[in-house]
Amino acid sequence: MTENLKALLVQARPDPSDELRLALEEQFREIRIAKNCGEAAMALWSDRPPHVVFTEVQLPDGNWADVLTLAGKASAPVNVIVVAPHVDVNFYIQTIERGAFDFIVPPLSAPELLHVVRTAGESALTRRRVQASTPPPDLPALLALGEERENEPTVAGAED
């Protein structure tokens, strides 16, 4: 399953010996690096966005929440994992409530990282299959429904 997955690693100062990046290379077919939100937007808004995004908390032009917003506008479902410098339960809760898929603090053991990657990847693949199998809305029917509502009689004195 993971051989078809693509990841985006958003980190301000990519390090060629970065432990997380090296571990991800074993799990993903393709890994792109973005140094800021602008570069992340270009990757996320492409016609083939990554399945999973790993983002640092702070970036030169934004933060994890900005990356989460950008991912929400991607052309296909994407899961975002926030990579924090230290454990902070309140921050963890905040990221999950805002829509992050997960929150990790390196270093992770290989089994822990594999679990995070597999669950995030499988979730993104499932959400993409559901999106692809959902028929587009019947626009003529929706427009006709709107016209019917416009022609409905209104009750005098009723507030909208």
Residue-level accessible surface for residue 19, protein heavy atoms, 1.4 Å, Å²: 120 Å²
Express in nm, to one decimal, how much length is gained between residue 84 and residue 58 on full extension, taking 0.36 nm for each residue of separation and deducting their alpha carbon distance. 8.4 nm
With a 1.4 Å probe and every protein chain left in place, work out the accessible area per residue of segment 1-114 in Å², rounded to a whole number. 52 Å²
Heavy atoms of residue 51: accessible area, 1.4 Å probe, square angstrom to 10: 10 Å²
Taking segment 10-104, which chymotrypsin sites (Phe, Trp or Tyr not before Pro) meet the DSSP loop condition and have no more than 13 other C-beta atoms within 10 Å? 45
List residues of segment 52-86, by number, whose backbone nitrogen lies under 18 Å from a label position 7 Å along Cα→C-beta of residue 35. 55-63
Are there any trypsin sites (Lys or Arg not before Pro) in segment 1-99 that are in a DSSP loop and have at most 11 other Cβ atoms within 10 Å? List them by number. 73
Let me check I've understood the local charge: for residue 23, count other residues with C-beta under 14 angstrom from its C-beta, Lys and Arg +1, Asp and Glu -1. What total comes out? -4
With a sphere of radius 15 Å drawn around the Cβ of residue 85, what net charge do the other residues whose Cβ falls strictly inside it have (Lys, Arg +1; Asp, Glu -1)? -4
Sorted by accessible area with a 1.4 angstrom probe, largest first, how do 22, 44, 114 fall? 22, 114, 44
Additional length obtainable on full extension of the chain from residue 47 to residue 96, 0.36 nm per residue less Cα span: 15.0 nm
Can you give the % of DSSP beta bridges in segment 1-69 that are antiparallel, to the nearest 5? 20 percent
Once fully extended, how much extra length lies between residue 22 and residue 75, figured as 0.36 nm per residue of separation less the alpha-carbon to alpha-carbon distance? 16.4 nm
Cα centre as origin, Lys/Arg/Asp/Glu Cβ charges: segment 61-130 dipole, Debye: 400 debye
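The values are calculated or read from the model by the stated rules, or taken from the named source; none is laboratory data. Note that the structure is a prediction, hence the values are computed from the model and not measured. Glycine gets a Cβ as well: all are built from the backbone with ideal geometry, and neighbour counts include every protein chain shown. With ligands, DNA and RNA removed, areas are computed over all heavy atoms of the protein, side chains included. Shrake-Rupley method; radii C 1.70, N 1.55, O 1.52, S 1.80 Å.
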